Amino acid sequence: MLVSRLSAVRTQMIKHLVKAPLTSAPKTGNFSGHYGYIFHNPKHQTYSSTTAHEEGDKKVEEISVTFVDKDEMEKHIKIPVGMSILEAAHENDIELEGACEGSCACSTCHVIVRDMEYYNKLEDPTDEENDMLDLAFGLTETSRLGCQMVAKPELDGICLELPSATRNFAVDRYAKAT
Ligand code: FES
């Protein structure tokens with residue numbers, strides 16, 4: 001009697017063990033169905049496409065700018081669209097002074113656009129910028145203030161020359177007054 005009951009229990013346990021993997025399997029019932037959830041989960045798709053999208057955006061949102069110093073040494077940098085030339089210069093250790101910190105009240109961020117084609121793509125200078133440019137050292141017909149120039153896609157590839165000197169009229173005025 002006991003032997004037959006033990007045998008029955010063992011048979012039940014074996015049946016359960018044989019069935020167990022099938023009952024714990026995902027409802028899709030196969031390997032690819034289970035892992036297919038991971039690969040086709042919209043969250044995973046969103047994540048990977050977001051990364052690709054960001055990479056795509058970076059290419060669109062950054063432009064190449066070349067600075068040429070007074071010794072004709074070139075420095076190529078990437079600038080995010082929307083950043084001023086002055087800010088970009090400071091972030092990349094380019095010697096562009098910016099004494100008034102971009103408030104259009106000096107001319108120490110004077111740069112010369114080397115190519116008229118790019119110069120024509122810039123917004124027209126405001127009266128304030130023109131007033132400051134009049135005080136700039138080595139003014140040319142393609143001179144601009146770096147703090148008033150903002151990177152935009154059309155300026156990709158622009159080349160900017162740094163004048164051999166700058167004049168800070170605020171300092172000049174101070175020097176004359178003392
Ligand atoms: Fe002074 Fe540009 S930083 S005018």
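The values are calculated or read from the model by the stated rules, or taken from the named source; none is laboratory data. Bear in mind the structure is a predicted one, so any value in this text is a computation, not a measurement. Note that we place each Cβ from the backbone using ideal geometry, even for glycine, and neighbour counts take in every protein chain shown. Surface accessibility is based on the protein's heavy atoms, side chains included, excluding ligands, DNA and RNA. Shrake-Rupley method; radii C 1.70, N 1.55, O 1.52, S 1.80 Å.
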Worksheet item: For the stretch 96-122, how many residues are within 13 Å of the ligand (Cβ to nearest atom), at negative phi and not small (Gly, Ala, Ser)?
Response: 8
Worksheet entry | Members of the stretch 96-144 that are under 25 Å from the mean Cα position of the chain (by Cα), open to solvent by less than 30 Å² (accessible area, probe 1.4 Å) and touching a residue at least 60 places away in the same chain (Cβ under 8 Å) | 96
Worksheet item: For the subset of the stretch 136-157 comprising residues that are of a type in the set (A, V, I, L, M, F, W, C) and in contact with a Lys or Arg (Cβ under 8 Å, 6 or more places away or on another chain), which member is modelled with the lowest pLDDT?
Response: 137
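Any residue at all in the stretch 123-130 that is within 10 Å of the ligand (Cβ to nearest atom) and either out of contact with any Cys (no Cβ under 6 Å at 6 or more places or on another chain) or at pLDDT 95 or above (or both)? Step through it out loud before you land on a result.
Step one: of the stretch 123-130, the residues within 10 Å of the ligand (Cβ to nearest atom) are 128-129.
Imposing the further condition that a residue be either out of contact with any Cys (no Cβ under 6 Å at 6 or more places or on another chain) or at pLDDT 95 or above (or both) reduces the set to 128-129.
Yes, the stretch 123-130 has at least one match.
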